[in-house]
Amino acid sequence: MGFMDEVRKAGATIKRACKDIFDAPFVREMCDTADNMYRLGWDERNGGNISYLLDEKEVGEYLDLNDVKRTIPLMGVNAANFDVSSLVGKIFLVTGTGKYFKNVKADPETNLGIVRIAEDKKGVELLWGYKDGGRPTSELPSHLMCHAARLAVDPENRVIMHSHPTHTLAMNYVHELDEKKFTHTLWEMCTECIVVFPDGVGILPWMLCGTDEIGVATSKKMHDFRLVVWAMHGIYGAGKTMDETFGLIETVEKAAQIYMLTAHLPRVNTIKDEDMVKLVELFGVKYRKDFLDLK
Ligand code: 13P
Ligand code: ZN
């Protein structure tokens with residue numbers, strides 16, 4: 001290879017490593033999603049958090065993966081019931097604790113961080129973000145346990161999203177918190193619900209958030225459900241893409257809104273269980289048959 005070829009090759013490498021992180025599709029997606037969630041009133045103040053499993057090669061086009069800015073210990077983690085061995089070395093884009101979704105789009109470098117799960121599993125290595133000395137969401141233990149749980153059943157899962165959607169939360173106060181009954185009510189509220197979340201909605205009783213206990217409980221539910229309600233707090237969603245995960249929560253929230261608009265009125269019409277079966281058969285989806293009351 002001649003001298004000029006060497007120069008060209010080196011230039012290409014530098015150019016690749018120097019792609020602007022602010023233009024990275026995963027950063028843009030995160031900004032747009034947080035913005036939408038705020039705009040919809042789901043995430044007041046610092047409510048809600050998102051973690052997005054990234055492709056190492058893709059991140060390497062934007063950041064020097066050997067340049068660890070600092071190591072951040074994982075708080076609230078009791079090693080006995082917190083096993084993220086399967087995630088060691090994996091890189092996540094994560095919202096910061098105490099950060100407002102309202103502000104993510106205008107200043108992603110302060111409100112978001114890109115972290116890699118450290119070899120010792122006790123902390124994360126910061127590769128970018130949390131510019132003001134911040135740290136990942138207090139729910140990171142829950143998110144990581146959910147990622148591990150979802151990846152075990154769906155190797156393509158990438159996103160865990162937590163939010164406080166208004167009508168879903170309102171419904172928690174007036175509807176029985178039974179997984180079958182809650183899911184059934186949601187399925188009845190919009191024709192497409194059973195097709196969008198045929199696996200239904202898991203429910204946890206009120207628990208202290210930010211702890212590994214709620215993380216373990218949520219991740220156990222995530223073996224069966226992509227949606228888990230945290231009673232009187234909010235919801236967790238999991239999916240392959242940001243759109244899919246957002247769409248799951250959006251559909252539950254829409255159904256909960258219709259429920260809250262109609263629950264106090266006499267019910268004249270409803271979608272019958274037999275009709276729901278026709279829908280899942282048409283769309284060819286596997287669903288929680290035991291959540292329907294079929295004769
Ligand atoms: P963080 O600010 O730590 O992400 O917490 C927000 C929240 O919704 C807790 O459940
Ligand atoms: Zn919350």
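Values quoted throughout were computed directly from the atomic coordinates according to the rules given, and no laboratory measurement underlies them. This one's a predicted model, so the numbers in the text were calculated from it and none came from an experiment. Heads up, the Cβs are rebuilt from the backbone with ideal geometry, glycines too, and the neighbour counts pull from every protein chain shown.
The DSSP beta bridges internal to the chain are antiparallel in roughly 90% of cases. Here the extension length gained between ASP132 and CYS18 equals 38.8 nm, from 0.36 nm per residue of separation less the Cα-Cα distance.
Multiplying the residue separation of ASP154 and GLU109 by 0.36 nm and subtracting their alpha-carbon distance yields 13.2 nm. Working note: Karplus 6.51/-1.76/1.60 with θ = phi - 60° gives the range 269-284 the couplings 10, 8, 7, 7, 4, 4, 5, 5, 4, 4, 5, 5, 5, 4, 8, x Hz, where Gly and Pro are set to x. From its DSSP helices (H runs of at least four residues, each -39,500 (n - 2.57)), the chain gives a residue-normalised ellipticity at 222 nm of -12500 deg cm²/dmol. Exposure proxy shown here: for THR95, THR33, the number of other Cβ atoms within 10 Å sets the order, fewest to most, as THR33, THR95. You can think of it this way: the chain between ARG70 and LYS220 has 50.9 nm of extra reach, that is 0.36 nm per residue less the Cα-Cα gap. In terms of packing, defined here as the mean over residues of other Cβ atoms within 10 angstrom, the peptides 119-128, 192-201 line up highest first as 192-201, 119-128. Simple spin-label estimate for LEU40 and VAL277 gives 3.2 nm between the two label positions (7 Å along the Cα-to-Cβ direction from each Cα). Exposure proxy for PHE225, PHE82: other Cβ atoms within 10 Å of each Cβ, ordered fewest to most, give PHE82, PHE225. Note on the range 82-158: Cα convex hull, mean projected area over all directions, 5.2 nm².
What is the sum of charges, Lys and Arg at +1 and Asp and Glu at -1, for the other residues whose Cβ falls under 15 Å from the Cβ of VAL196? The partial results should precede the final answer.
Details: positive: ARG226, LYS240, LYS254, LYS286, ARG288; negative: GLU188, GLU192, ASP199, ASP243, GLU244, GLU250, GLU253.
Around VAL196, the surrounding residues sum to -2.
Here, the range 91-228 is characterised by an Rg to Rh ratio of 1.00, where Rg is the alpha-carbon radius of gyration and Rh the Kirkwood radius.
Give the Rg/Rh ratio for the range 174-283, taking Rg as the radius of gyration of the Cα atoms and Rh as the Kirkwood radius, to two decimals. Over the Cα atoms of the range 174-283, Rg/Rh equals 0.98. By the Stokes-Einstein formula, at 1.306 mPa s and 10 °C, the chain with its Kirkwood radius over alpha-carbon pairs has D equal to 78 µm²/s. Remark on the range 244-295: ratio of C-alpha radius of gyration to 2.2 N^0.38 Å is 1.35.
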